[in-house]
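The values are calculated or read from the model by the stated rules, or taken from the named source; none is laboratory data. Owing to the predicted nature of the structure, the values given are computational and were not obtained by experimental measurement. Glycine also receives a Cβ, built like all others from the backbone with ideal geometry; neighbour counts cover every protein chain displayed. For accessibility, only protein heavy atoms count, side chains too; no ligands or nucleic acids. Shrake-Rupley method; radii C 1.70, N 1.55, O 1.52, S 1.80 Å.
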Amino acid sequence: MDVSYEATKRELPTDQGTLRYHEAGDADAPPLILLHGSGPGVTGWRNYRGNLGHFAQTHHCYVLEFPGFGVSDPVEGHPVLTAGGSVIRFMDALGIDKAAMIGNSMGGVVGVNLAIKKPDRVEKLVTIGGVGPNLFSPSPSEGLRLLQEFTDAPDKDKLVRWLNSMVYDRSLITDELIEERWQAAINPDAQKTAQMMYGSAAFEMQQKFMAASDTPPYWASMHKVACPTMLTWGRDDRVSPPDMALVPMRLIPDAELHIFPKCGHWVMIEAKDAFEAAVTSFLTR
C-alpha cells in the first residue's frame, strides 16, 4: 500500500472553501478520522504520516487538515470551533454517518466536543494528551509558555525550545524537522491561527472571558461522552502533564487511560509501536 504524501493527498470543495486531507485504506473498511493538534508548523500529515500505513491496514483512514493551519482554506472564527465544524462538513460531504476518531492534543479536544454535541457521529474516540484541566501542574504548562513566547515573537531559537519541550528524546528534533516546522509556521494563515490560540493578548482575553462566563468549560460536560474512549498520554508530557488525564478518566463513563513511559506530548511518534498496538486493539474490539 502506497501511503506517501502524493499518493494519499485529496481535496474536497465545500461551501466554505476547500478541505484538504489524506486518505488510505480499504474503502469497505470502517472509517477512521485522524484529527491533528496545534502549534507552529503543525499539519495532519506531519502528526500522522508515520501511523497512516499501520491504521490503513484495518480502517479506511482520513487525515483531515483543519482550516487555518496553512493547508485547508481558512474560515472565520476560533480555530477549535471551526475545526469541529469542518469535521462535520467533511463527514457530510463524503457520506460518513459515523466514524472512530483519533485526536492529538487540540484534535482530542475537538473529538471530545463532537462526542458531547454530536454523539451520533462518533463511534469511538482516542485522545492523545491535551484534554482536561491541570489539577496539580502549573497552568499554562512549561510547553504552552514556550509556545506563547514563540507566537508573540517568532524566531528559530524559540521554535527549537518549544519543539524540545514536546518530546522526551530530543534526538527526534532534527535539523530537517526544525526547518520543516519553521517554513510552515511562517505561513500567514498559520500565524493568524496561532495568535488567536496562543498569543499573550488572546490568552489574557480568554482567561477574563472564562472568569466572567456562566458557561462551564468543555471538560465539565465530559460525562456526556457516550462512546468508548481511550485516553493516551506520555508520562513525561511537558505540554499537557499527565495529571490532566484524571478528570476525563473519571468523568467519561466508558474511558480507559494508557500512559506511555519515556514519552512526551507526541505519543503517536515517540511511542509509535506501543501506541499503534494499543489503539488497534481498542478500535477493533
With respect to Leu135, determine if the residue is without any contact (Cβ under 8 Å) to a residue 40 or more places away in the chain and closer than 30 Å to Ala220 by Cβ. no
Note on region 255-285: residues over 18 Å from Tyr168 (Cα atoms) and modelled with pLDDT of 95 or more are Ala255, Glu256, Leu257, Glu276, Ala277, Ala278, Val279, Thr280, Ser281, Phe282, Leu283, Thr284
Within region 25-60, residues free of Cβ contacts under 8 Å to residues at least 40 places away in the same chain and either part of a helix (DSSP H, G or I) or buried (at least 23 other Cβ atoms within 10 Å of the Cβ) (or both) come out as Gly44
> Does Leu19 satisfy being farther than 15 Å from Val126 by Cα and modelled with pLDDT of 95 or more?
Replying inline: yes
Per the filter on region 115-129, residues of a type outside the set (Asp, Glu) and open to solvent by 10 Å² or more (accessible area, probe 1.4 Å) are Ile116, Lys117, Lys118, Pro119, Arg121, Lys124
Residue match in region 148-166 (condition: outside any helix (DSSP H, G or I), open to solvent by 30 Å² or more (accessible area, probe 1.4 Å) and touching a residue at least 24 places away in the same chain (Cβ under 8 Å)) = yes
So Pro242, is it modelled with pLDDT of 95 or more, open to solvent by less than 70 Å² (accessible area, probe 1.4 Å), farther than 20 Å from Leu135 by Cβ and touching a Phe, Trp or Tyr at 6+ places or on another chain (Cβ under 9 Å):
no
Considering region 5-24, residues that are among the aliphatic types (A, V, I, L, M) and in a strand (DSSP E or B), and then whichever is surrounded by the fewest Cβ atoms within 10 Å (Cβ to Cβ), we arrive at Leu12
(request) Answer with yes or no whether Glu179 is in contact with a strand residue (DSSP E or B) (Cβ under 9 Å, 6 or more places away or on another chain), of a type in the set (Asp, Glu) and at pLDDT 95 or above. (result) no
Restricted to region 110-122 and to residues being within 10 Å of Ile33 (Cβ to Cβ) and either in a strand (DSSP E or B) or charged (D, E, K, R) (or both), the residue farthest from the chain's Cα centre (by Cα) is Arg121
Among helices (runs of 4 or more DSSP H) entirely inside region 217-285, those with 2 or more residues being in contact with a strand residue (DSSP E or B) (Cβ under 8 Å, 6 or more places away or on another chain) and within 21 Å of Thr58 (Cβ to Cβ) are 267-270, 272-283
Check your understanding: If we scan region 73-94, do we find a residue that is under 22 Å from Thr284 (Cβ atoms), open to solvent by 40 Å² or more (accessible area, probe 1.4 Å), in contact (Cβ under 8 Å) with a residue 40 or more places away in the chain and not in a helix (DSSP H, G or I)?
Key -> no
Taking region 131-147 and keeping only residues that are among the small types (Gly, Ala, Ser), in a loop (DSSP other than H, G, I, E, B) and buried (at least 22 other Cβ atoms within 10 Å of the Cβ), one is left with Gly132
